[in-house]
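Quick note: the coordinates plus some simple rules give every number you see, no bench work behind them. Note that the structure is predicted; figures quoted are calculated from it, not measured. All Cβ positions, even for glycine, are placed from backbone atoms using ideal geometry, and neighbour counts span all protein chains on display.
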Amino acid sequence: MALIVAAGALASVALLAAAIGLVLLAAGSGVAVGFAARRITVTRAISAREVQEDRPIHLRLRVAGIKWLPVRLEIEAEAGQWEPITRSEVVLTVCVGRPGAVWLAPSRLRLRDAAGIFEWHLHAGRAEPLLILPVPDASAQPDPSRSIPADDLEPQGLAPYTPGTPLARVHWPALARGAGLHVRQFAPPPGGLPLVVVDTVGAPSSQAVDWAARTAAGYIRALARGRGCRVLLPGDAGETGVAVLAGEWRAMHRRLAMLRDSVPGAPRVRVPLAPTGVLHVRAASAPAGLAPPPPLPRGVVPRSPPPADHGRRIARRHDEA
């Protein structure tokens, strides 16, 4: 518009032509971006909603509707810069380096014309709940003198199926005989199962709680692969049996992921008096010099503090799914 005014004042045909050309360029750019914004379709699929903290989550974005338009599609990268998307399908990775429940926000994108005059912001996907599981500490091996022989579990009997019971415990032969849906009940070994007690009271930092979750996961996984174990977590009124064959390790692994926010201000866990068979994991006894947790990636935010039984709800909801 300034060139048009100048061309009129100076009676210059060249300035007028340049001004008209710029006006047409701006108008064409705006029309292209507006038309592309109405036609574009971006879908997002995530590879998993539940992963260990050492494994990436893959985001697959598919773009359609703007193949022949003079516009550019860009996505906001983890560092905050905008990177162009040049293919109809692109795969991104997100790595969350600490356990817990988080939200993965929709991916931010923008459309721009070739000249960079106009831009249109849009989002792909929806907010997705993610559960980041602690990596079991491979060095956390239970004392052999406290464990029991690792032979196969034998069912003690059958009981009617109740909603929420892991399908791994269903006794399919009984269903095939027409007796209805029943689950296997396992008897503890004669000497009792080892007990893993997790205590977060007095933890000096959040990384100390994460250390306790990883250490306890290492103990529980090693014991569950044998005859099983019992676990007492903060806020629990009683012990929980864990065995791989019964499908209970996965549920306990999910609860350990929620250990940091499970029961804020919970009282100290009372460790049962027993001569052997008790593994006490105290966050207050975490080794000094633990590395601080890495920052959350862009677009990943913690979930709001859950109620006291949120860990059990998470495990039950995943089992039902």
In the stretch 65-124, what trypsin sites (Lys or Arg not before Pro) fall in a loop by DSSP, with at most 13 other Cβ atoms inside 10 Å?
Lys67, Arg87
Quick one: compute a quarter of the convex hull surface over the Cα atoms of the stretch 1-108 and quote it in nm².
9.6
Pair Ala179, Ala291: separation of 7 Å Cα→Cβ label points (nm):
5.3
